[in-house]
1. Take Val406 and decide whether it is farther than 28 Å from Glu60 by Cα, in a loop (DSSP other than H, G, I, E, B) and either under 24 Å from the mean Cα position of the chain (by Cα) or of a type outside the set (D, E, K, R) (or both).
2. Specify the residue that is nearest to Glu170 (Cα to Cα); the eligible residues are those in the stretch 240-274 that are within 16 Å of the chain's Cα centre (by Cα) and not in a loop (DSSP other than H, G, I, E, B).
3. Out of (1) more than 17 Å from the chain's Cα centre (by Cα); (2) not in a loop (DSSP other than H, G, I, E, B), the odd one out for Gln374 is which?
4. Just the residues that are in contact (Cβ under 8 Å) with a residue 40 or more places away in the chain, more than 24 Å from Ala330 (Cα to Cα) and either in contact with an Asp or Glu (Cβ under 9 Å, 6 or more places away or on another chain) or among the hydroxyl-bearing types (Ser, Thr, Tyr) (or both), please, taken from the stretch 152-177.
5. Tell me whether the stretch 129-139 contains one or more residues that are small (Gly, Ala, Ser) and touching a residue at least 12 places away in the same chain (Cβ under 8 Å).
6. Given the residues Gly38, Gly54, Gly6, which is the only one that is touching a strand residue (DSSP E or B) at 6+ places or on another chain (Cβ under 9 Å) and not assigned by TED's automatic domain parsing to the domain that holds Gly158?
7. From Val109, Val159, grab the single residue that is more than 25 Å from Val247 (Cβ to Cβ), among the hydrophobic types (A, V, I, L, M, F, W, C) and over 20 Å from the mean Cα position of the chain (by Cα).
8. For the list (1) hydroxyl-bearing (Ser, Thr, Tyr); (2) assigned to a loop (DSSP other than H, G, I, E, B); (3) surrounded by 17 or more Cβ atoms within 10 Å (Cβ to Cβ), I need the number of the one condition that Tyr79 fails.
Amino acid sequence: VNNLTGPHMFPVDPTLHWANPNMMPMMPDQPWPLFPPGFPEAQSPVPVVPHLHGGEVPSESDGHPEAWFTADGKTGPAYTTDFYTYPNEQQPTTLWYHDHALGITRINVMSGLAGFYLLRDPGDNIAPLLPQGKYEVPVVIQDRSFNADGSFFFDSVGVNPTIHPYWTPEFFGNAIMVNGKTWPNFNVERGQYRFRVLNGSNARFYNLKLSNKQDFVQIGSDGGYLPAPVNMNSLLLAPGERADILVDFSSAAPGTKIILENNARAPYPKGTPADPQTVGQIMQFTVQGTAPVVPSPLPAILNNIPVLTPNAPVRTLTLNEVMGPAGPVAALLNGQPWHTAATELPRVGATEEWQIFNLTGDTHPIHLHLVQFQVVSRQKFQVGKYDTDWMMQNGGMMPPLMQPTVALPAGPYLQGKPEAPAPNETGWKDTVRMTPGGRNTRRF
């Protein structure tokens, strides 16, 4: 149900390819107004469509970006229904839902249209061995900025304002919000806790560690339990990724204060260092004076992950960034704009291997809908030469392309040996980190 009857709280940029319920021209007459007030026809009504991130659901219940609907009855070209069916037949795991409307997902999620969706299985034989009740805590981490009156701040001037007056490719807040509170304290007993951690930020990566340098155990990722518990002292999460971790406070003295810290640069991995006084701190744990409870050992095997063997041709894709005078104006898959006809058409029952080459300067999360996949490897390649040759093979012009993409074989450009995924990436995934100048291979 969409009950959003007022105008959007953040600037809606009508020069983007977006939901556009009032059928505005993509290039409104200039001069363009500042925000506020922005364009009244863009600010209202507010289109929304829910997406269950990581859910294995029927396609009509997936939240297609053009299946949006508004409070006054307008609908997008892919809309069929606003009654969704979630079978909940996949492995027990930490999912989340968020708005997915074309061109305004970033501001709809920034407005609060997101939340956890914890999937449980009565037949799960691992869950009874884990912390439960008040000792199981969902933790969503989001960076935010605030105006002087306490309201949310979001950029209202674009990085290329003569092209897109309000749009910025990434948002980095100067405050950290956990479960809706900025830099909260959480009182913990002297025992083990299960934290289901979600990076719900727009663009910020988090590399998490505990200030007392203690280890923790990761037991699950996006799509369910890992094959085996993984001892860790840091955890890197891209936007959209989840991690199911166990932290044991039983040996900490009463009154101990432990900070969950972040040292990831923004943008990741070569951007501005995290300020240790602001975005370098996530939350605080204060250990209470309870009797210590030592956790029981976990089984050596948590989940049986099958080996996937491809039975279809390998697909080679690229992640491209189109630059404007002062920064990016678009991110494209395979150099193609959104409205291009579908090119990747897997057959039902097939097992596929996809290789994606990141031609941009940052690490980007790539998320697949409807299925979970396995990360196979990452491998460096000669990004400058590959980019040049790829463009020459595809007409010699910068993307977006005006014709079907011709894939460029990877072999001559690869460097070194493929790197296997880290142990905490060996389970089912739906979101993966694409490193700059790297080829990422996944199977599903």
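The values are calculated or read from the model by the stated rules, or taken from the named source; none is laboratory data. The shown structure was predicted, so the numbers you read here are calculated from the model rather than taken from an experiment. We place every Cβ from the backbone using ideal geometry, glycine too, and count neighbours over all the protein chains shown.
1. On the way: farther than 28 Å from Glu60 by Cα: yes; in a loop (DSSP other than H, G, I, E, B): yes; either under 24 Å from the mean Cα position of the chain (by Cα) or of a type outside the set (D, E, K, R) (or both): yes.
Here the answer is yes, as Val406 does meet what is asked.
2. Ala266
3. (1)
4. Those that are in contact (Cβ under 8 Å) with a residue 40 or more places away in the chain, more than 24 Å from Ala330 (Cα to Cα) and either in contact with an Asp or Glu (Cβ under 9 Å, 6 or more places away or on another chain) or among the hydroxyl-bearing types (Ser, Thr, Tyr) (or both): Asn174, Ala175, Ile176.
5. As a first pass, look at the stretch 129-139 and keep what is small (Gly, Ala, Ser): 133.
In the following step, the residues that additionally are touching a residue at least 12 places away in the same chain (Cβ under 8 Å) were identified as none.
The answer is no; no qualifying residue exists.
6. Details: Gly38 fails: touching a strand residue (DSSP E or B) at 6+ places or on another chain (Cβ under 9 Å); Gly6 fails: touching a strand residue (DSSP E or B) at 6+ places or on another chain (Cβ under 9 Å).
None of the others qualify; the one that does is Gly54.
7. Working: Val109 fails: over 20 Å from the mean Cα position of the chain (by Cα).
Exactly one residue qualifies, and that residue is Val159.
8. The single condition Tyr79 does not satisfy is (3).
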